[in-house]
């Protein structure tokens, strides 16, 4: 049995990027991926920031379009428009994006085992052994270390005693036909997406993605939204079956073990405000690659040696995740009347225009803007009148 330096379980963007980085450092890597093809559809809107595109040299060929504006609708239909001169985000073809990152990894020498579902991961003093089921047969891969980059649904981390994500939400999405749509639209309200939000995201001149997040089964809410959008003439038809997926809102309590690291959505490294995980996952993949490179060079692969991975990614993202999670819980406590009232205040006081001029307003980094909103005199004063837990977001 061949002994690799690292087995990466999960061939999505995070797993492929991590494998690519490790291979570039001279390590032998195999990626175990349960899908038959790299380009299969996934339940993801595929919106990433311009910062992410620039930082990770994302190929322009996988980008559907750039986005510099969005329309956000309150429960009663009130509108806040957000627009900047420069592109703030890109909508990528997720299937093509996955394939592009996998191809880049392959060109660097990474091996891929597709249509292979990882079962148990055995860790001992000699290395790591991953049990893999492929076409009804069971085999094994062996390595000096392993990475879990499987996304949300896998229980591999839990089986290894790393616990499970403490909070999560379910998402549903479907591709639809449109008559021409230029801007991203976001919809709020308990009748649309209870405690979360829904979206209509154009991908090409005649296609878009409609989806939502909810703590309740999201399928029925999505079907209602599709019906409403059809009535409004915003979409022409739904073209595919609804796809579903889970989104973690809090990270694992521990993301490393002896000879093992967990990264990306599997580790809960996801924005609690929006559920986006690509950029944060790629950032953490870089940290994981650097940690493993040092550990492999010195053959120091104990939990104690790999603990620096968690310290480093928490230094990068920890405060951001905590503030954003508090903002998420605050929003979930609002009723529709309170959300509408906040829209009124934002518009009447031109808070939206001020935020758009603020360099702290970022597609990826929400903590700074949340703290600015907490300190805003009008919103702070109104929160007391409406008995909102607004100021509590900045505590603890």
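The values are calculated or read from the model by the stated rules, or taken from the named source; none is laboratory data. Keep in mind it's a predicted model, so treat the numbers as computed, not measured. Cβ placement follows ideal geometry from the backbone for every residue including glycine, while neighbour counts extend to all protein chains displayed.
I'd like to check which helices (runs of 4 or more DSSP H) are fully inside segment 273-353 and have at least 3 residues that are closer than 30 Å to residue 125 by Cβ.
Numbers: elements: 278-298, 303-332, 336-348.
Qualifying helices (runs of 4 or more DSSP H): 278-298, 303-332.
Could you grab me the full set of residues in segment 105-122 that are surrounded by fewer than 18 Cβ atoms within 10 Å (Cβ to Cβ) and touching a residue at least 12 places away in the same chain (Cβ under 8 Å)?
Listed by number, the residues that qualify are 108, 109, 111, 114, 115, 117, 119, 120.
Go through 277, 281 for me and flag whichever is within 27 Å of residue 330 (Cα to Cα), under 25 Å from the mean Cα position of the chain (by Cα), at pLDDT 95 or above and crowded, with 23+ Cβ neighbours inside 10 Å.
On the way: 277 fails: at pLDDT 95 or above.
Every option except 281 fails the conditions.
Being assigned to a strand (DSSP E or B) and either out of contact with any helix residue (DSSP H, G or I) (no Cβ under 8 Å at 6 or more places or on another chain) or within 29 Å of residue 126 (Cα to Cα) (or both) is the filter here; which residues of segment 226-272 pass it?
Taking segment 226-272 and keeping what is assigned to a strand (DSSP E or B), we get 237-238, 243-248, 256-257, 260-262.
Answer for segment 226-272, where residues must be assigned to a strand (DSSP E or B) and either out of contact with any helix residue (DSSP H, G or I) (no Cβ under 8 Å at 6 or more places or on another chain) or within 29 Å of residue 126 (Cα to Cα) (or both): 243, 245, 246, 256, 257, 260, 261, 262.
Would you check if there is a residue in segment 28-42 being assigned by TED's automatic domain parsing to the domain that holds residue 139, under 22 Å from residue 153 (Cβ atoms), crowded, with 19+ Cβ neighbours inside 10 Å and at pLDDT below 90?
The answer is yes; a qualifying residue exists.
When the residues of segment 211-220 are narrowed to those that are modelled with pLDDT of 95 or more and touching a helix residue (DSSP H, G or I) at 6+ places or on another chain (Cβ under 7 Å), which ends up surrounded by the most Cβ atoms within 10 Å (Cβ to Cβ)?
Among those that are modelled with pLDDT of 95 or more and touching a helix residue (DSSP H, G or I) at 6+ places or on another chain (Cβ under 7 Å), it is 211.
Only one of (1) without any contact (Cβ under 8 Å) to a residue 40 or more places away in the chain; (2) closer than 20 Å to residue 248 by Cβ fails for residue 46. Which number is that?
Every listed condition holds for residue 46 apart from (1).
Look through segment 56-77, keep the residues that are touching a helix residue (DSSP H, G or I) at 6+ places or on another chain (Cβ under 6 Å) and within 17 Å of residue 185 (Cβ to Cβ), and return whichever of them is surrounded by the fewest Cβ atoms within 10 Å (Cβ to Cβ).
Taking segment 56-77 and keeping what is touching a helix residue (DSSP H, G or I) at 6+ places or on another chain (Cβ under 6 Å), we get 56, 59, 62, 74-76.
Filter once more, so that each one left must be within 17 Å of residue 185 (Cβ to Cβ): 74-76.
On the way: 74: 20, 75: 19, 76: 12.
So the residue we want is 76.
Of the residues 19, 96, 102, only one is surrounded by fewer than 21 Cβ atoms within 10 Å (Cβ to Cβ), touching a residue at least 40 places away in the same chain (Cβ under 8 Å) and in a helix (DSSP H, G or I); which?
On the way: 19 fails: surrounded by fewer than 21 Cβ atoms within 10 Å (Cβ to Cβ); 102 fails: surrounded by fewer than 21 Cβ atoms within 10 Å (Cβ to Cβ).
Within the list 19, 96, 102, the selection yields 96.
Is it true that some residue in segment 83-93 is without any contact (Cβ under 8 Å) to a residue 60 or more places away in the chain, over 30 Å from residue 187 (Cβ atoms) and crowded, with 16+ Cβ neighbours inside 10 Å? Give the steps one after another, and end with the answer.
In the first step, residues of segment 83-93 are kept if they are without any contact (Cβ under 8 Å) to a residue 60 or more places away in the chain; the result is 85-87, 90, 92.
This time we only want the ones that are over 30 Å from residue 187 (Cβ atoms), so: none.
No: zero hits.
Based on what the data block shows, is residue 150 in contact (Cβ under 8 Å) with a residue 12 or more places away in the chain, within 25 Å of the chain's Cα centre (by Cα) and either farther than 19 Å from residue 364 by Cα or assigned by TED's automatic domain parsing to the domain that holds residue 30 (or both)?
Details: in contact (Cβ under 8 Å) with a residue 12 or more places away in the chain: yes; within 25 Å of the chain's Cα centre (by Cα): yes; either farther than 19 Å from residue 364 by Cα or assigned by TED's automatic domain parsing to the domain that holds residue 30 (or both): yes.
Against the criterion (in contact (Cβ under 8 Å) with a residue 12 or more places away in the chain, within 25 Å of the chain's Cα centre (by Cα) and either farther than 19 Å from residue 364 by Cα or assigned by TED's automatic domain parsing to the domain that holds residue 30 (or both)), residue 150 qualifies.
Given 72, 30, which one is in a strand (DSSP E or B) and within 24 Å of residue 244 (Cα to Cα)?
Working: 30 fails: within 24 Å of residue 244 (Cα to Cα).
72 is the lone residue from the list that is in a strand (DSSP E or B) and within 24 Å of residue 244 (Cα to Cα).
Give the residue that is modelled with the lowest pLDDT, with candidates limited to residues of segment 108-135 that are more than 26 Å from the chain's Cα centre (by Cα) and not in a strand (DSSP E or B).
Among residues in segment 108-135 that are more than 26 Å from the chain's Cα centre (by Cα) and not in a strand (DSSP E or B), the one modelled with the lowest pLDDT is 135.
Return the residues of segment 305-346 that are surrounded by fewer than 15 Cβ atoms within 10 Å (Cβ to Cβ) and farther than 30 Å from residue 251 by Cβ; say none if nothing qualifies.
337, 344
If residue 80 meets every condition in (1) touching a strand residue (DSSP E or B) at 6+ places or on another chain (Cβ under 8 Å); (2) assigned to a helix (DSSP H, G or I); (3) not assigned by TED's automatic domain parsing to the domain that holds residue 116 apart from one, which number is that one?
(2)
If I go through segment 182-210 residue by residue, how many of them are out of contact with any helix residue (DSSP H, G or I) (no Cβ under 6 Å at 6 or more places or on another chain), closer than 16 Å to residue 77 by Cα and in a strand (DSSP E or B)?
Going through segment 182-210 one residue at a time, the tally reaches 6.
Here's the yes/no breakdown for (1) within 18 Å of the chain's Cα centre (by Cα); (2) surrounded by 15 or more Cβ atoms within 10 Å (Cβ to Cβ):
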| site | (1), (2) |
| --- | --- |
| 159 | no, no |
| 162 | no, yes |
| 165 | yes, yes |
| 175 | no, yes |
| 186 | yes, yes |
| 199 | yes, yes |
| 222 | no, yes |
| 225 | no, yes |
| 243 | yes, yes |
